There are 2 protein chains.
Amino acid sequence: MLCRAARQAQVALPVRNVASIATAEPSGPSLKTKVPGPASMEIKKKMDPLHQTTSVRVFVDFEKSFGNYMVDADGNTLLDVYTQISSLPLGYNHPDLVKAATSPHFITSLVSRPALGSFPRNDFPDGISRALTSIAPKGLKAVQTMLCGTSANENAMKTAFIWYMTNRRGGNPPDQKALETAFVQKQPGTPRLSVLGFQGAFHGRSLTALSVTRSKAIHKVDIPAFDWPIAKFPRYKYPLVDNKAYNDAQDKESLKDVQEKIAEWKKKDHDVAAIIVEPIQSEGGDHYGSPAFFKQLQKIAADNGIVFIVDEVQTGGGGTGDMWAHSHWNLDSPPDIVVFSKKLITGGYFYKEHLRVKEGYRIYNTWMGDPSKLFLLEKVVEVIKRDDLINKTKLVGEYFQSQLQELQSNHSSKISQARGLGTYAAMDFPDSSTRDRFVDKAINLGLHCGGCGEKSLRFRPSLVYDKPHVDITFDILDKALRQL
Amino acid sequence: MLCRAARQAQVALPVRNVASIATAEPSGPSLKTKVPGPASMEIKKKMDPLHQTTSVRVFVDFEKSFGNYMVDADGNTLLDVYTQISSLPLGYNHPDLVKAATSPHFITSLVSRPALGSFPRNDFPDGISRALTSIAPKGLKAVQTMLCGTSANENAMKTAFIWYMTNRRGGNPPDQKALETAFVQKQPGTPRLSVLGFQGAFHGRSLTALSVTRSKAIHKVDIPAFDWPIAKFPRYKYPLVDNKAYNDAQDKESLKDVQEKIAEWKKKDHDVAAIIVEPIQSEGGDHYGSPAFFKQLQKIAADNGIVFIVDEVQTGGGGTGDMWAHSHWNLDSPPDIVVFSKKLITGGYFYKEHLRVKEGYRIYNTWMGDPSKLFLLEKVVEVIKRDDLINKTKLVGEYFQSQLQELQSNHSSKISQARGLGTYAAMDFPDSSTRDRFVDKAINLGLHCGGCGEKSLRFRPSLVYDKPHVDITFDILDKALRQL
């Protein structure tokens, strides 16, 4: 038997050229070419015959990128306040994650992927406990991992349907009649149920998710959809303090529409089994609802025996200054289901105990998530806690929002509706083409940012985005606005 | 500037306890406890409050598992002919994959995950070329990566819908009317189109995938579905040579049903835009269609301007003795779309050039796949080619099928309908409960296998499954049948 050190030396794997992975942030952005530059265009040309490139903006050198800085194929270094698509919690190549990625449980989970629903890893419950239970929204405990936000939303809705029909059967599992009719897609086994979504919402791009998504027509066109109700979502004027009456009326109008739609679909024998809503309608244009609005919405759901699903795919993970955006609402009781993905790396959803599906293989698929993502999240959560990143984001967020107000004051003819929570923020341009021209200018001044909705710009920085990054951000925003 | 060696030493990452990952296959199965044993039951108890465990069969020690052998939490070593859920191409912890998993492009792709649709890695096109273009079905080139089989099927169907509606517009992109009506989910923007599936089919568990899935009622019950046509799929008697007339009649009946369903849905103004079909209905019970059947089916699709989607999620990757099961049909022209996942690690689909979606953000989502899976597949493909694993599987498969026939001869009162292609194989038991008792016996003799359909057992070994493994397999099957 070899001693431990010798044994390790013997089997040490060649971690080849790890020196090539960046280990420090540059002091600021630097541009070598126009973005996208010739190298990006060259790679795009190579890729096009093999795989669609219609939405590719720039190719990224992921080994050179670090922290808040993305380095593109042409060597341009951009401060990234968009973090891919709001999906990198700790920015690029965080050293703790790079280190963790070479440990055996990462390697085995990567090369020998388990079918988690049937043959999970020994250490899967510990991973869940450390990565997810430890950050569970207040009042929620049980969680279901999935692969991405869309599959999490699909399964959250399935959970709601199953609960709704179980209730109709007086709490009983599916009987013979339900099973037989489900097999040939007839009622009662295949029920006429619906999910209520909102105008401007985005919940994914599967046919079902698109049925409750109404952010951009190009996502939906030519795709069949379920005939499900879509209600009005509030559209506020900012600053909030100056527009209280208007905004309260928005809440009221939206809630009235929700109630009418529920009644209308009930009348059509097409009951609403679930309401799905984002804390911030992100893809749709960074539209917020007030805590009072969400409290009322939750009450309407409860009063009607409807499952209240909060889709935190984009907002979960700390960017709003809390691990969960819905925490800002101070609900008396948690949402029935809270869906997550993106910055939380693994997809999934937390759910209230009464929604637990008791029969096997109903909420199920081949992989049911991915432990290599779960273990990564475990390390992310460890770093967030160790480095107190949520509180830091709150402070940085306050600074960010004050800078945003100042920017708006200085450029009030060009931007409006400055709004935000934590470091999540947005502002509006007069129209779509002005916004697009602005994004292009900002990127070419070294700030990687992204639009949303018709004419908004959204900010989705990482949790390691700090005050010096805020200063660089607003310096560039100011320059770009002057050039506009 | 440090020399390269010194620089590497300086930054060498601690690959901790890699000695803990197994590096060799045991000589055979060995049992320490009943399966599942006390350790598995203990972990299950711990997991249950945090995450559903209704379908968990056993917990697996993924560091001790190697090659064709799965080691469970109790230290039981099982020969695995089910490979999770037909999803491990090279078995457990293949040394080439373990080694590859510590290289920088793996690490960076894991810890800094790109949004591939917009900001792909520099090396993404090279990865696609090496991992996917190199194994593309004959006649197909363009590929779209996705996260899993279900999302690949969803996007394959979306691609079909988009093509179908583009044709209706005379080849034009969506016009203003289409966009406006899609936004409020009315025709023509939100079309009444359908996808034709088959009885016994399985294409995933999203609401849309379930609408063309008809393998087990418990998967579908309580979940709303699209009213889409489901046609009869052939049900053959084996051996094929002795049942030609019966089986030909099955083909004919099924094809007639397909044509009738297409006409019926057209009449209802609910056109069939795509036909989706598996080469082997796997989850549904390992039902095969003949090459003649599929040729005719392809012709019916072409004659009616319908997209022909072959779902190779379970069959792609070499197990049938060819990289693609549909290659065995000798089609004159490839299927319009071929979907893959599972053994090919990344989800996705190949498609014919005329189906290419020209507008951005229509076939799109946050991640659009996962380069850490693509790079793993790249290494898998390299190993498959280097070690000639497809041809080996063909030879091992011939041996397997002859052994299966012999087993059936020796136990003809207990098993029937022995069938297969390559090392993919199945046999039937008199009923569901006998099958379930058999599976339990086989597992407790050291063979990890899994059922499918009502009363079938399916074999889905890895590509490193060799003749000695076949002998152990049939030794256990024989013993288990004697005990039955």
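Look at A:Ala418 and say whether it is farther than 24 Å from A:Asn76 by Cβ and surrounded by 15 or more Cβ atoms within 10 Å (Cβ to Cβ).
It is true that A:Ala418 is farther than 24 Å from A:Asn76 by Cβ and surrounded by 15 or more Cβ atoms within 10 Å (Cβ to Cβ).
Residues of the range B:429-463 that are of a type in the set (Asp, Glu) and part of a helix (DSSP H, G or I): B:Asp436, B:Asp440.
Cβ separations smaller than 6 Å between residues 6+ apart or across chains give the following pairs from the range A:434-454 residues that are touching a residue at least 40 places away in the same chain (Cβ under 8 Å) to residues that are of a type in the set (Lys, Arg) and outside any strand (DSSP E or B): A:Leu445/A:Lys479. Being free of Cβ contacts under 8 Å to residues at least 12 places away in the same chain and either loosely packed, with under 15 Cβ neighbours inside 10 Å or in a helix (DSSP H, G or I) (or both) is a property that holds for B:Leu395.
Would you say A:Val98 is touching a residue at least 24 places away in the same chain (Cβ under 8 Å) and touching a Cys at 6+ places or on another chain (Cβ under 8 Å)? So A:Val98 fails the test.
Take A:Lys45 and tell me if it is assigned to a helix (DSSP H, G or I) and surrounded by fewer than 22 Cβ atoms within 10 Å (Cβ to Cβ). In short, yes.
When the residues of the range B:195-246 are filtered to those that are among the acidic types (Asp, Glu) and surrounded by fewer than 23 Cβ atoms within 10 Å (Cβ to Cβ), which remaining residue is farthest from A:Leu179 (Cα to Cα)? Selected residue: B:Asp242. Does A:Ser129 count as surrounded by fewer than 24 Cβ atoms within 10 Å (Cβ to Cβ) and either at the interface with chain B (Cβ under 7 Å from one of its Cβ atoms) or at positive phi (or both)? Yes: the conditions hold for A:Ser129. Among the residues of this structure, B:Ser254 does not count as one that is closer than 14 Å to B:Glu278 by Cβ, part of a loop (DSSP other than H, G, I, E, B) and of a type in the set (Ser, Thr, Tyr). In the set (1) without any contact (Cβ under 8 Å) to a residue 12 or more places away in the chain; (2) surrounded by 22 or more Cβ atoms within 10 Å (Cβ to Cβ); (3) within 23 Å of B:Thr315 (Cβ to Cβ), the condition left unmet by B:Ser112 is number (3). Sub-8 Å Cβ pairs linking a first residue in the range B:151-163 that is over 14 Å from B:Arg192 (Cα atoms) to a second residue that is among the hydroxyl-bearing types (Ser, Thr, Tyr) and in a helix (DSSP H, G or I), at least 6 apart or interchain, are B:Ser151/A:Thr150; B:Ser151/A:Ser151; B:Glu154/B:Thr208, ordered by first then second residue. Against the test of being more than 9 Å from every other protein chain (Cβ to nearest Cβ) and touching a Gly at 6+ places or on another chain (Cβ under 8 Å), the options A:Pro36, A:Pro89 yield a single qualifying residue, A:Pro89. For B:Asp475, the criteria (1) over 30 Å from B:Ala136 (Cα atoms); (2) buried (at least 22 other Cβ atoms within 10 Å of the Cβ) hold in every case but one, which is (2). Going through the range B:416-432 one residue at a time, which ones are in contact with a strand residue (DSSP E or B) (Cβ under 6 Å, 6 or more places away or on another chain) and hydroxyl-bearing (Ser, Thr, Tyr)? B:Ser416, the sole residue that qualifies. Of all the residues in the range A:406-415, those that are in contact with a strand residue (DSSP E or B) (Cβ under 9 Å, 6 or more places away or on another chain) and not in a helix (DSSP H, G or I) number 1. Looking only at residues of the range B:251-297 that are hydroxyl-bearing (Ser, Thr, Tyr) and buried (at least 20 other Cβ atoms within 10 Å of the Cβ), we find that the one that is nearest to B:Lys342 (Cα to Cα) is B:Ser282. Residues of the range A:175-231 that are more than 7 Å from every other protein chain (Cβ to nearest Cβ), under 19 Å from A:Ile306 (Cβ atoms) and assigned to a helix (DSSP H, G or I): A:Ala209, A:Ser211. Cβ-Cβ distances below 7 Å connect the following pairs, each with a first residue in the range A:212-240 that is in contact (Cβ under 8 Å) with a residue 24 or more places away in the chain, a second residue that is among the β-branched types (Val, Ile, Thr) and in a loop (DSSP other than H, G, I, E, B), and a separation of six or more residues or different chains: A:Trp228/A:Val212. Filtered by the rule that a residue be facing another protein chain (nearest Cβ under 7 Å) and surrounded by fewer than 24 Cβ atoms within 10 Å (Cβ to Cβ), the range B:74-86 gives a lone residue, B:Ile85.
Coordinate-derived values only; no laboratory data. Computed from a predicted model, the values in this text were never measured in an experiment. Glycine gets a Cβ as well: all are built from the backbone with ideal geometry, and neighbour counts include every protein chain shown.
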